[in-house]
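These notes concern the structure reproduced below.
The values are calculated or read from the model by the stated rules, or taken from the named source; none is laboratory data. In this text the structure is predicted, and so the values were computed from the model without any measurement. When we count neighbours, we look across all protein chains shown, and the Cβ atoms used for this are built from the backbone with ideal geometry, even at glycine.
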Amino acid sequence: MKKMPFFVLLSVALCLTKVYAEPASSQSNVSAAADSILLQITTTDGELISYPVSKIDRMTFDAADPAASHEAVDLGLSVKWAACNVGAENPEDDGDYYIWGETKPQSTYDWSTYKWCYGSDTTLIKYCTDNSYGAVDKRTTLELSDDVAHVKWGDNWRMPTDNELNELINNCTWTWTTQNGKNGYKITSKTNGNSIFLPAAGCRNGSRLEDAGSLGCYWTSSLDASSPEYAYYLDFHSDDARVICSTRAFGQTVRPVTE
């Protein structure tokens, strides 16, 4: 069921509360009528959702999905780029770290904890193109169910491909700077002048955080098809930014994109 705006759910809840708060003498009438009463909600895209009131035991309210408030920055490229990392509240925040193809942070980042293998880089069970590394399935791009940007933010958000990160490198000006105490790159579009900031969040190897403040590591959704124990990622230092490959078991940050 689709999530609905808080004010809509609150209005519905208040109405239902009023109905079930009627005096006891009226309860039998309410119960009798409940089977023929439908809770009907029309979503913003025109879909009508109906549900029998008699089947509603209770109503609860969740905070609005933060995905609705994520800023998409138009850099004049094929996709728009998020202003923040997954797990971050501000552009300069590191956010969370993920093993490639996983959607939850770990306490230890290595093959022994990796979801898509049996403990080593030669026992892969998903995203494998060579039987020397495990069970071949020929998948070379993360499915949305394994794409942490899509899982966490929903809608059309996803992890960038290697081509989209190369597009970011080739069509923007990269300026090493410090923003609110965090080192990283201000990336400015050569087309429209809009910009984003990528913090140098380092990476996680085992239980260690390495090179925070001097190194940026950002996953793509793209597997290295020639060596499937690796996946492509953005690697940057103060004097260089490039898309290369890394072992899938490292913990790295994610900057989402959307259409």
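So here's what we get for this one:
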{"read-out": "Residue identified as in the same structural domain as LEU168 (by TED's automatic domain parsing) and within 14 Å of the chain's Cα centre (by Cα) among THR103, THR113", "value": "THR103"}
{"read-out": "Residue that is surrounded by the fewest Cβ atoms within 10 Å (Cβ to Cβ) [pool: residues in segment 164-206 that are touching a residue at least 24 places away in the same chain (Cβ under 8 Å), in a helix (DSSP H, G or I) and more than 18 Å from the chain's Cα centre (by Cα)]", "value": "ILE169"}
{"read-out": "Filter result for ARG139 (in contact (Cβ under 8 Å) with a residue 24 or more places away in the chain, in contact with a helix residue (DSSP H, G or I) (Cβ under 6 Å, 6 or more places away or on another chain) and charged (D, E, K, R))", "value": "no"}
{"read-out": "Qualifying positions in segment 207-232 - part of a strand (DSSP E or B), surrounded by 16 or more Cβ atoms within 10 Å (Cβ to Cβ) and without any contact (Cβ under 8 Å) to a residue 40 or more places away in the chain", "value": "GLY216, CYS217, TYR230"}
{"read-out": "Number of the condition not met by THR123 [criteria: (1) in contact with a Lys or Arg (Cβ under 9 Å, 6 or more places away or on another chain); (2) under 27 Å from ARG208 (Cα atoms)]", "value": "(1)"}
{"read-out": "For THR123: the one exception among (1) touching a residue at least 60 places away in the same chain (Cβ under 8 Å); (2) surrounded by fewer than 18 Cβ atoms within 10 Å (Cβ to Cβ); (3) in contact with a strand residue (DSSP E or B) (Cβ under 6 Å, 6 or more places away or on another chain)", "value": "(1)"}
{"read-out": "Failed item in (1) under 18 Å from ARG158 (Cβ atoms); (2) in contact with a helix residue (DSSP H, G or I) (Cβ under 7 Å, 6 or more places away or on another chain); (3) surrounded by fewer than 22 Cβ atoms within 10 Å (Cβ to Cβ), with ALA241 passing the rest", "value": "(1)"}
